[in-house]
Amino acid sequence: MIMTKGAGSVLREGVAVALAVGGAQECGHDVEIPLRDVGRLPPQIGEAEVDVELQEVDSRRVLGHAEKVETGSDGMGAIKFGPARMPSRESPESAIEALLARGFSACEIDFEEKFWMDYDFAERLGVLARDAGVMLSIHAPLAGFMGHAERGKKLNMATGMLDHSAGIAAACGAELVVVHPGFLLGRTREDALASVVEQLGELRERLEKKGRAVPFGVEVMGRVRELGSLEDVIFISSQLGWVRPVIDFAHMHATSDGAFVSVQPFAAALEAVDGVLEDGAPFHIHFSDIAYANRNETKHLPYGEGTLRAEPLHDALARFTRPATVISESPDPESTQAIGAVLLADNSPSRAS
């Protein structure tokens with residue numbers, strides 16, 4: 001047995017948080033669907049082995065953003081906040097200008113369906129983002145997950161996607177590359193987790209040889225009977241020091257049947273993750289309102305249409321000095337602005353406490 005704690009012991013609340021596959025725009029996918037879009041990716045990604053050469057990048061820039069995060073007042077760690085999609089793909093300059101115009105200090109580069117950024121774009125974007133104090137992260141393609149039950153074309157393809165994602169992350173100085181933890185695929189949870197850890201370890205060896213050994217983040221998922229609970233993600237991170245948990249509170253709200261309505265469940269999840277993060281690394285959080293059925297996510301909602309609110313997250317984060325990067329996966333810009341207004345308010349406790 002590689003799992004030693006139940007979900008309740010991790011969260012200290014008995015909150016059911018087992019989650020699985022389906023992120024911001026991908027709810028409802030089954031095992032095969034993420035692979036149907038492979039043909040839309042660059043040609044090299046469709047090969048069984050992918051070897052995208054990275055231009056020489058100053059390795060000091062890979063983690064540079066985390067060092068620039070300032071501490072908030074009253075002991076609360078600073079919050080970087082922004083959207084899950086780059087607001088402009090026209091040029092690095094237009095991308096950063098659009099983020100700053102909307103008051104954002106973070107952005108997750110959206111590669112879920114295809115790679116749309118080359119290395120020159122990424123390097124220039126990284127320079128501009130660093131100068132503007134914008135924290136970048138990358139969401140890898142949906143088919144780029146580890147933990148395949150069989151070795152072969154699909155695993156090789158996923159490895160190539162994550163290799164390329166890491167190359168872009170190194171070029172732009174991204175905080176981390178967000179990936180999904182894979183699927184049970186008929187195996188026990190212990191066997192599936194062991195496979196994820198093994199294949200991520202093999203990927204790391206490949207990335208180290210290429211100078212692309214950037215941090216990865218494994219996302220908590222939104223299906224109650226699949227791989228990807230908070231406990232699963234914490235276990236993976238505990239086995240691999242370069243892998244961090246990515247907390248998706250919308251997914252956790254769904255799989256707990258709407259339990260995240262007060263500060264305590266948020267704080268308990270943050271405390272559990274805090275225990276496996278290295279010093280100085282920020283919490284990486286996904287947030288949006290969410291619709292769910294039978295403890296499975298169905299779709300992300302405009303803020304206010306569901307029952308998940310940002311005030312308890314704000315107050316939970318105020319209990320930690322660790323900084324946080326919060327990415328809105330809301331389906332509309334108005335919702336992202338509304339969430340940001342709450343999270344970036346002063347540090348006094350809200351009425352949600």
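So here's what we get for this one:
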read-out: Identity of the residue in the range 98-109, in contact with a Pro (Cβ under 9 Å, 6 or more places away or on another chain) and surrounded by fewer than 19 Cβ atoms within 10 Å (Cβ to Cβ), that ends up nearest to His286 (Cα to Cα); value: Arg102
read-out: Long-range neighbours under 7 Å by Cβ, at least six apart or interchain, first residue over 10 Å from Gly77 (Cβ atoms) within the range 308-334, second part of a strand (DSSP E or B) and of a type in the set (A, V, I, L, M); value: Leu308/Ile290; Thr325/Ala106; Thr325/Met135; Thr325/Ile285; Val326/Ile79; Val326/Ile285; Ile327/Ala106; Ile327/Ile285
read-out: Considering residues of the range 135-159 that are touching a Phe, Trp or Tyr at 6+ places or on another chain (Cβ under 7 Å) and either modelled with pLDDT under 95 or among the aliphatic types (A, V, I, L, M) (or both) only, the residue farthest from Pro87 (Cα to Cα); value: Ala158
read-out: Among (1) under 19 Å from the mean Cα position of the chain (by Cα); (2) of a type outside the set (Phe, Trp, Tyr); (3) surrounded by fewer than 24 Cβ atoms within 10 Å (Cβ to Cβ); (4) in a helix (DSSP H, G or I), the one test that Glu278 misses; value: (4)
read-out: Residue selected from the range 129-145 under the condition in contact (Cβ under 8 Å) with a residue 60 or more places away in the chain and not in a loop (DSSP other than H, G, I, E, B), by the criterion surrounded by the fewest Cβ atoms within 10 Å (Cβ to Cβ); value: Arg130
read-out: Residue tally, condition touching a His at 6+ places or on another chain (Cβ under 8 Å) and of a type outside the set (Asp, Glu), over the range 277-304; value: 5
read-out: Scan of the range 215-238 for residues that are more than 14 Å from the chain's Cα centre (by Cα), surrounded by fewer than 24 Cβ atoms within 10 Å (Cβ to Cβ) and not in a helix (DSSP H, G or I), ordered by number; value: Val224, Arg225
read-out: Unmet criterion (only one of (1) outside any helix (DSSP H, G or I); (2) surrounded by fewer than 18 Cβ atoms within 10 Å (Cβ to Cβ); (3) out of contact with any Asp or Glu (no Cβ under 8 Å at 6 or more places or on another chain)) for Gly241; value: (3)
read-out: Filter result (touching a residue at least 40 places away in the same chain (Cβ under 8 Å), of a type in the set (A, V, I, L, M) and surrounded by fewer than 24 Cβ atoms within 10 Å (Cβ to Cβ)) within the range 281-292; value: Ala281
read-out: Residue ID - modelled with the highest pLDDT, chosen from residues in the range 321-353 that are of a type outside the set (A, V, I, L, M), assigned to a loop (DSSP other than H, G, I, E, B) and farther than 21 Å from His284 by Cβ; value: Asp332
read-out: Flag for His164 being assigned to a loop (DSSP other than H, G, I, E, B) and either in contact (Cβ under 8 Å) with a residue 24 or more places away in the chain or aromatic (Phe, Trp, Tyr) (or both); value: no
read-out: Qualifying positions in the range 184-214 - exposed (fewer than 15 other Cβ atoms within 10 Å of the Cβ) and assigned to a loop (DSSP other than H, G, I, E, B); value: Gly186, Thr188
read-out: Test result for Ile247, buried (at least 22 other Cβ atoms within 10 Å of the Cβ), aliphatic (A, V, I, L, M), in a strand (DSSP E or B) and touching a Leu at 6+ places or on another chain (Cβ under 8 Å); value: yes
read-out: Meets criteria (in contact with a Phe, Trp or Tyr (Cβ under 8 Å, 6 or more places away or on another chain) and outside any helix (DSSP H, G or I)) for Pro181; value: yes
read-out: Residue in the range 299-320 that is touching a strand residue (DSSP E or B) at 6+ places or on another chain (Cβ under 8 Å), within 22 Å of Glu175 (Cα to Cα) and not in a helix (DSSP H, G or I) present; value: yes
read-out: Residue among Pro83, Pro92 that is buried (at least 22 other Cβ atoms within 10 Å of the Cβ), under 27 Å from Ala143 (Cβ atoms) and without any contact (Cβ under 8 Å) to a residue 40 or more places away in the chain; value: Pro92
read-out: Test: Phe111 is among the aromatic types (Phe, Trp, Tyr) and touching a residue at least 60 places away in the same chain (Cβ under 8 Å); value: no
read-out: Selection from the range 112-128 of residues that are under 18 Å from Pro215 (Cα atoms) and crowded, with 24+ Cβ neighbours inside 10 Å; value: Ala122, Gly126
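The values are calculated or read from the model by the stated rules, or taken from the named source; none is laboratory data. Worth saying up front: this structure is predicted, and the values here are computed from it rather than measured. Neighbour counts are summed over all protein chains in view; Cβ atoms, including those assigned to glycine, are modelled from backbone coordinates with ideal geometry.
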